[in-house]
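Only one structure is covered here, and it is reproduced in the block below.
The values are calculated or read from the model by the stated rules, or taken from the named source; none is laboratory data. No experiment lies behind these values; they were computed from the predicted model shown. Here Cβ is always computed from backbone atoms with ideal geometry, including for glycine, and neighbour counts include all displayed protein chains.
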Amino acid sequence: MERSNGANPADLRRSRTARYIALRALAGLVLTCCSVAVHRDLVFASEASFGGGWPLTFLIDRPGVSVTGRLSLIEDAVDPAAFGIDWLFWSLLVSLVGTTWRRLARRDGA
């Protein structure tokens, strides 16, 4: 069924869904990058180090290669699998909070 302005309701829903997913993924990416501020002490092969990221450590300080005690995307090791899992975790958390918020707002307004 076409509307008078020529917009198909199914296309509008797909567009809205795509924007919803993109916004949640972007928010998840921002939160993942901010989670680097959570530092953890790590021990690899009797070599003490530390890393950043939460819930999984995805940025790991490499002693002897990078500035000790500072995390940098250029000098330090990045674990792409842990980064992806963290990104997925934060994106799902943002989606869960957003969905809950909308349902509660709808219930209060009804």
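On the stretch given as region 79-110, residues that are surrounded by fewer than 13 Cβ atoms within 10 Å (Cβ to Cβ) and either touching a helix residue (DSSP H, G or I) at 6+ places or on another chain (Cβ under 9 Å) or not in a helix (DSSP H, G or I) (or both) total 2.
Yes/no matrix, rows are residues, columns are (1) modelled with pLDDT of 90 or more; (2) surrounded by 13 or more Cβ atoms within 10 Å (Cβ to Cβ); (3) over 23 Å from Leu92 (Cα atoms):
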residue: Ala25; (1), (2), (3): yes, yes, no
residue: Ser35; (1), (2), (3): yes, yes, no
residue: Leu42; (1), (2), (3): no, yes, yes
residue: Thr68; (1), (2), (3): no, no, yes
residue: Leu73; (1), (2), (3): no, no, yes
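Being under 30 Å from Thr17 (Cβ atoms), aromatic (Phe, Trp, Tyr) and surrounded by fewer than 17 Cβ atoms within 10 Å (Cβ to Cβ) is a condition met by no residue of region 53-61. For region 82-93, check the following and say yes or no: at least one residue is more than 12 Å from the chain's Cα centre (by Cα) and not aromatic (Phe, Trp, Tyr). No, every residue in region 82-93 fails to be more than 12 Å from the chain's Cα centre (by Cα) and not aromatic (Phe, Trp, Tyr).
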